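*Asks:* This structure is in structure tokens; I'll ask about it shortly.
The values are calculated or read from the model by the stated rules, or taken from the named source; none is laboratory data. Remember, it's a predicted structure, so these values are computed and weren't measured experimentally. In this analysis, Cβ positions are derived from the backbone assuming ideal geometry, glycine residues included, and neighbour counts consider all displayed protein chains. What goes into the accessible areas is simple: the full protein's heavy atoms, side chains included, and nothing from ligands, DNA or RNA. Shrake-Rupley method; radii C 1.70, N 1.55, O 1.52, S 1.80 Å.
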Amino acid sequence: MKKLRVLLVDDEIMIREGFKRLFDWEAHGCEVVDEASDGMEALAKIDSLQPDIIIMDINIPIMNGLKVIELGRMKHPDMAFVIVSGYDDFSYCQQALRMQITDYILKPVNYEEFGNCIDNLKISMYERKVASAPVSREREERTIAGITRYLQEHLEEEVSLSVLAEQFHLSGQYISQLFKSEIGVNFLTYLTGIRMERAKQLLVSTSLSIVEVAERSGYGDYRVFSKVFKKSEGITPSQYRRDFLDAR
């Protein structure tokens, strides 16, 4: 999933610097694209940058934060607003909730609490996106067919949910859900299964060494391969080959 773009709005430069320096945006899948110090500047940057999330104080010059939210939502109804304020005032909270803000966090900011807020926000934004653009059964089937074909064709390579997400322009979470709903197993179980099938085919139809079989099945370390193979088949790769040859 692409990084969410964040606009910081606060008239105190130290607060804005605190958000940039003390919170790990990268770890939470976000990036700060700009900042503003008053309501008019905030509105202008909301229009020009169209960020995904606006982190904003209520008490800012020229136009207060609640008015910015009201006007901003008229043009950009899907933007997420998080209020960060020094006012522990119920009336402010009521007004903010009526505007369907994501959260209301008090200063001084607890960055662990703020991180949970951002993570929950990401989940809700993803769910809203999926809900607003429902995917048909046929499209899901085509998508999973394309993914499984890709896996077969790139089995020797390093393949992960993040690789598939980038390749198919989907989120890793969505692909994971597709495996469970369309195939009935999770991604790792499916990937291990087709790698074991490839390995068994190579063991009985070629004279490749165990190291080479491991590499062609997507395992750079043959010891890991042997361990996974034994767990899957109950015997080592060498024994599997011997048993096949003895049975001929």
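*Asks:* Residue 59 to residue 166: extension gain in nm, 0.36 nm per residue of separation minus the Cα-Cα distance?
*Replies:* 34.5 nm
*Asks:* Would you grab the residues whose amide H sits under 5 Å from the one on residue 35? Only those 5+ places off in sequence or on another chain, please, with H modelled 1.01 Å from N.
*Replies:* 8
*Asks:* Report, largest value first, the span of the C-alpha coordinates of segment 164-220 along each principal axis, in whole Å.
*Replies:* Taking max minus min along each principal axis of the Cα atoms, segment 164-220 gives 40, 23, 13 Å.
*Asks:* Rounded to a whole number, what is D in µm²/s for the chain from Stokes-Einstein with the Kirkwood radius over alpha-carbon pairs (10 °C, 1.306 mPa s)?
*Replies:* Result for D is 73 µm²/s.
*Asks:* Another question about this same structure. Keeping every protein chain in place, order 75, 122, 230, 3 by accessible area at 1.4 Å, biggest value first, i.e. largest first.
*Replies:* Values: 75 135, 122 55, 230 110, 3 80 Å².
Sorted by accessible area, descending: 75, 230, 3, 122.
*Asks:* Among 187, 219, 235, pick out the residue whose Cα is farthest towards the positive end of the charge dipole of the chain, where Lys and Arg carry +1 and Asp and Glu carry -1 on C-beta, about the Cα centre.
*Replies:* Among 187, 219, 235, the one farthest towards the positive end of the dipole of the chain is 235.
*Asks:* Which ³J(HN,Hα) values in Hz, rounded to whole numbers, follow from the phi angles of segment 215-221 under the Karplus curve 6.51 cos²θ - 1.76 cosθ + 1.60, where θ = phi - 60° and Gly and Pro get x?
*Replies:* 4, 6, 9, x, 10, x, 10
*Asks:* Now, a different point. Which of 207, 177, 50 sits closest to the plus end of the dipole of the chain, meaning its Cα is farthest towards the positive end, when Lys and Arg get +1 and Asp and Glu get -1 on the C-beta?
*Replies:* 207
*Asks:* Counting only the backbone N, which residues of segment 167-196 are under 12 Å from the spot 7 Å out from the Cα of residue 148 toward its beta-carbon?
*Replies:* Those under the cut-off are 179-185, 190-191, 194.
*Asks:* Moving on to the next point. Could you work out how much longer the chain between residue 12 and residue 186 gets when fully extended? Use 0.36 nm per residue separation minus the Cα distance between them, nm to one decimal.
*Replies:* Answer, rounded to one decimal: 57.9 nm.
*Asks:* To the nearest 10 degrees, how steeply does helix 39-49 sit against the main Cα axis of the chain, on a 0 to 90 scale?
*Replies:* 30
*Asks:* Take the residue pairs 180/230; 20/67; 200/230; 75/107; 180/227 and return only those whose Cα atoms are more than 23 Å apart.
*Replies:* 180/230; 20/67; 75/107; 180/227
*Asks:* Can you bin every Cα-Cα distance in segment 118-248 into 5 Å intervals starting at zero and give me the percent of pairs per bin, rounded to whole numbers?
*Replies:* With a bin width of 5 Å, the distribution comes to 2, 9, 18, 18, 15, 12, 9, 7, 5, 3, 1, 1, 0.
*Asks:* Continuing with this model, one more query. With all protein chains present, how much of the accessible area of the chain (probe radius 1.4 Å) comes from carbon and sulfur, to the nearest whole percent?
*Replies:* Answer for the chain: carbon and sulfur cover 50 percent of the accessible area.
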